[in-house]
Amino acid sequence: MSFARIKSIRGPLRFRLAAWNASVVVLTVLATLLGMRQGLYYALIAELDVILLEDARELQLALNDLNYPESTEIYSEMSRKAEAHDLRDWYVRFLNPKTNTQLWASSSAPPQMEPPRGHPDLDPLTIQQYRIVQCNVPRPGGEVLVRIGSSLQPIAQDMARIDRNAVLICIGLAIVAPLCGYWLAQRATEPFAAMIHTTASLQPAQLSDRLVVRGTHDELDQLAQQVNKLLDRIALYLQTKRDFVANAAHELRSPLAAIRSAIEVALNEPRSTQQYQEVLESLLEETVSLTGLVSQLLLLAETEAEGPLVATKPIQLDDILRRSVEMFGPVAEIGRAHV
């Protein structure tokens, strides 16, 4: 796949939203599973510690009740217990605390493993995949060091099963999360697609279309409302400009028609110097009027006003009528001459 193709795939907003959503979901679930795994591991270790501590307490009571080491009844009891807990490799070992020599051990006991010197009694610790608890039991003939342990292999097997399930969950999530994220992103970007379609169809000469406001009062609705307000202002501005141009053209056409008529009348037949002077004075008056109108147009263009600047002042209707008669008098004279 070429770089341009990859770039085109990464371009759409919905794809980026789907990728972000899938990444966040997968990372969140992965972090949650890791936290749950560690929490479950610590919970299993804590449960095993409770069992070992209870066994140590039970063995202390048994040693106090039996005449150890003269009686072998305790050995038989511990052997049966070790066989009953064979699935987790439970064992017990009796040691001489002074010489650290073994007095007796159950058949499931592993090779002797020494905890650190000075390790406190009834404080569980891990040595070579075994969880161990030991304590000194006072006896008339001398203290006995009792060490009870259980293998961590069953817990490791449980954690391995949990890890396999977690991997399957992550694989399924990695497949489902992008699809769901893409669907959600497409739903979220549908209003943007509608906005793009509407704005693409707008034409300067026709600005009646508006963006759809869904009524959800969210950020997309606010954006649509603001764009619609902008389109309203643009439409009003353009309409005002069109009206202004039409009015300006009308205002320019009348003086130009008067100038043309005056020139045609002057050229229609020979006239005296006095008559030509009157025609030129009329033309000068009309050009002065045109100059003022053009200056106003330039001023409006430079100020970039939203609408034409209209200056209001009192006017005399008789003056307007007089100028109209003077403006179209040559046209009437040409018409009369042809008649």
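What number of residues within the range 35-53 satisfy the criterion of being touching a residue at least 60 places away in the same chain (Cβ under 8 Å) and under 49 Å from the mean Cα position of the chain (by Cα)?
Step one: list which residues in the range 35-53 are touching a residue at least 60 places away in the same chain (Cβ under 8 Å), which gives 37, 40-41, 44-45, 48-49, 51-53.
Checking the rest, the ones that are also under 49 Å from the mean Cα position of the chain (by Cα) come to 37, 40-41, 44-45, 48-49.
Total meeting the criteria: 7.
Can you tell which of ALA22, ALA56 is more than 21 Å from the chain's Cα centre (by Cα), hydrophobic (A, V, I, L, M, F, W, C) and surrounded by 17 or more Cβ atoms within 10 Å (Cβ to Cβ)? Working first, answer last.
Working: ALA22 fails: more than 21 Å from the chain's Cα centre (by Cα).
Answer to the selection: ALA56.
Which residue out of ALA305, ALA332, ALA246 is open to solvent by less than 70 Å² (accessible area, probe 1.4 Å), modelled with pLDDT under 75 and under 30 Å from SER208 (Cβ atoms)? Step by step, each of ALA305, ALA332, ALA246 is checked, and only ALA305 is open to solvent by less than 70 Å² (accessible area, probe 1.4 Å), modelled with pLDDT under 75 and under 30 Å from SER208 (Cβ atoms). Filtering the range 216-235 to residues that are open to solvent by less than 70 Å² (accessible area, probe 1.4 Å), under 18 Å from PRO191 (Cα atoms) and either part of a helix (DSSP H, G or I) or aromatic (Phe, Trp, Tyr) (or both) leaves LEU220, ASP221, ALA224, VAL227, ASN228, LEU231. Among the numbered conditions (1) without any contact (Cβ under 8 Å) to a residue 40 or more places away in the chain; (2) part of a helix (DSSP H, G or I), the only one that PRO120 does not meet is (2).
Does ARG131 count as surrounded by 13 or more Cβ atoms within 10 Å (Cβ to Cβ), touching a Phe, Trp or Tyr at 6+ places or on another chain (Cβ under 9 Å), outside any loop (DSSP other than H, G, I, E, B) and among the basic types (Lys, Arg)? Give the derivation first.
Details: surrounded by 13 or more Cβ atoms within 10 Å (Cβ to Cβ): yes; touching a Phe, Trp or Tyr at 6+ places or on another chain (Cβ under 9 Å): no; outside any loop (DSSP other than H, G, I, E, B): yes; among the basic types (Lys, Arg): yes.
In short, no.
Consider the range 75-125 and keep the residues that are charged (D, E, K, R) and closer than 19 Å to LEU152 by Cα. The one that is most open to solvent (accessible area, probe 1.4 Å) is GLU83.
The values are calculated or read from the model by the stated rules, or taken from the named source; none is laboratory data. Quantities reported herein were computed from a predicted structural model and do not represent experimental measurements. Glycine gets a Cβ as well: all are built from the backbone with ideal geometry, and neighbour counts include every protein chain shown. Please note that ligands, DNA and RNA were not included when accessible areas were found on the heavy atoms of the full protein model with its side chains. Shrake-Rupley method; radii C 1.70, N 1.55, O 1.52, S 1.80 Å.
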